[in-house]
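Notes follow the structure.
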Amino acid sequence: NAGVTQTPKFQVLKTGQSMTLQCAQDMNHEYMSWYRQDPGMGLRLIHYSVGAGITDQGEVPNGYNVSRSTTEDFPLRLLSAAPSQTSVYFCASSYFSDYGYTFGSGTRLTVV
Amino acid sequence: TQLLEQSPQFLSIQEGENLTVYCNSSSVFSSLQWYRQEPGEGPVLLVTVVTGGEVKKLKRLTFQFGDARKDSSLHITAAQPGDTGLYLCAGAWNTGNQFYFGTGTSLTVIP
């Protein structure tokens with residue numbers, strides 16, 4: 001099993017550019033989430049999904065969009081990148097919200 | 001808004017020493033998880049606790065959930081260099097809700 005796969009691993013964007021961070025899981029998990037991790041801030045929830053076709057906002061959703069057309073995929077879109085979005089982004093999945101999450105290895109994004 | 005406080009933020013100890021790290025909230029958790037993260041990787045789940053007063057052991061790691069379900073601790077006995085990493089707690093305040101993470105405790109175990 002591949003688990004949770006995130007691509008790309010590294011990305012540099014210019015301010016104002018858009019891009020999509022990809023996340024795929026092969027464990028048939030219903031629950032998927034996106035977090036960003038910044039120094040001294042821990043992991044902050046951006047968006048989450050409880051199943052295909054259902055998404056909701058987390059703590060820091062501004063500037064990001066998500067969709068969940070299949071159980072396996074949960075892409076995160078940056079609409080117009082800003083330097084404040086420089087961070088490490090993690091995708092996570094779980095059978096159910098009270099189960100432990102399986103995390104991807106992260107995408108390190110730099111916005112210049 | 002950071003709902004979970006972890007302490008200490010940084011901890012550097014010698015191999016063989018014992019240590020305890022803490023996770024606290026002013027609200028009652030429905031459940032709480034502990035993760036360990038190594039540089040360049042995503043967090044890896046260590047344990048989930050759901051019952052007040054619950055104690056779980058994972059080899060040299062002992063996890064305790066407070067009686068009031070507002071706090072938790074992680075105790076490591078005879079720390080080893082392989083224990084080095086960022087220890088994160090994550091709590092949910094209602095069953096079925098998302099987990100929110102603390103800022104973590106960065107542990108360094110010196111050989």
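The values are calculated or read from the model by the stated rules, or taken from the named source; none is laboratory data. Everything quoted here is computed from the prediction, not taken from an experiment. All Cβ positions, even for glycine, are placed from backbone atoms using ideal geometry, and neighbour counts span all protein chains on display. Areas reflect the complete protein model, heavy atoms only, side chains present, ligands, DNA and RNA absent. Shrake-Rupley method; radii C 1.70, N 1.55, O 1.52, S 1.80 Å.
Here is how the numbers come out for the structure above:
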item	result
Residues located in segment A:9-31, provided they are hydroxyl-bearing (Ser, Thr, Tyr) and either modelled with pLDDT of 95 or more or open to solvent by 40 Å² or more (accessible area, probe 1.4 Å) (or both)	A:THR15, A:SER18, A:THR20
Qualifying residue in segment B:61-68 (condition: touching a residue at least 40 places away in the same chain (Cβ under 8 Å) and open to solvent by less than 30 Å² (accessible area, probe 1.4 Å))	no
Residue count, segment B:17-33 (criterion: open to solvent by less than 10 Å² (accessible area, probe 1.4 Å) and of a type in the set (Phe, Trp, Tyr))	1
Criterion violated by A:ALA2 - all others in (1) touching an Asp or Glu at 6+ places or on another chain (Cβ under 7 Å); (2) within 20 Å of B:PHE99 (Cβ to Cβ); (3) not in a strand (DSSP E or B) satisfied	(2)
Residue ID - surrounded by the most Cβ atoms within 10 Å (Cβ to Cβ), chosen from residues in segment B:38-55 that are within 14 Å of another protein chain (Cβ to nearest Cβ) and among the aliphatic types (A, V, I, L, M)	B:VAL49
Strands (runs of 3 or more DSSP E) completely within segment B:56-111 that count 3 or more residues being at the interface with chain A (Cβ under 10 Å from one of its Cβ atoms)	B:85-92
Considering residues of segment A:49-59 that are more than 9 Å from chain B (Cβ to nearest Cβ) and of a type in the set (A, V, I, L, M, F, W, C) only, the residue most open to solvent (accessible area, probe 1.4 Å)	A:ILE54
Residue in segment B:49-65 that is more than 21 Å from A:VAL88 (Cα to Cα), among the aromatic types (Phe, Trp, Tyr) and in contact with an Asp or Glu (Cβ under 7 Å, 6 or more places away or on another chain) present	yes
Close pairs from segment B:22-50: first hydrophobic (A, V, I, L, M, F, W, C), partner modelled with pLDDT of 95 or more and not in a strand (DSSP E or B), Cβ under 7 Å, at least 6 apart	none
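Results for (1) at negative phi; (2) open to solvent by less than 30 Å² (accessible area, probe 1.4 Å); (3) without any contact (Cβ under 8 Å) to a residue 12 or more places away in the chain; (4) among the β-branched types (Val, Ile, Thr), shown as yes or no for each residue.
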{"residue": "A:THR7", "(1), (2), (3), (4)": "yes, no, no, yes"}
{"residue": "A:SER33", "(1), (2), (3), (4)": "yes, yes, no, no"}
{"residue": "A:PRO39", "(1), (2), (3), (4)": "yes, no, yes, no"}
{"residue": "A:HIS47", "(1), (2), (3), (4)": "yes, yes, no, no"}
{"residue": "A:ARG68", "(1), (2), (3), (4)": "yes, yes, no, no"}
{"residue": "A:CYS91", "(1), (2), (3), (4)": "yes, yes, no, no"}
{"residue": "A:TYR95", "(1), (2), (3), (4)": "yes, no, no, no"}
{"residue": "A:VAL111", "(1), (2), (3), (4)": "yes, yes, no, yes"}
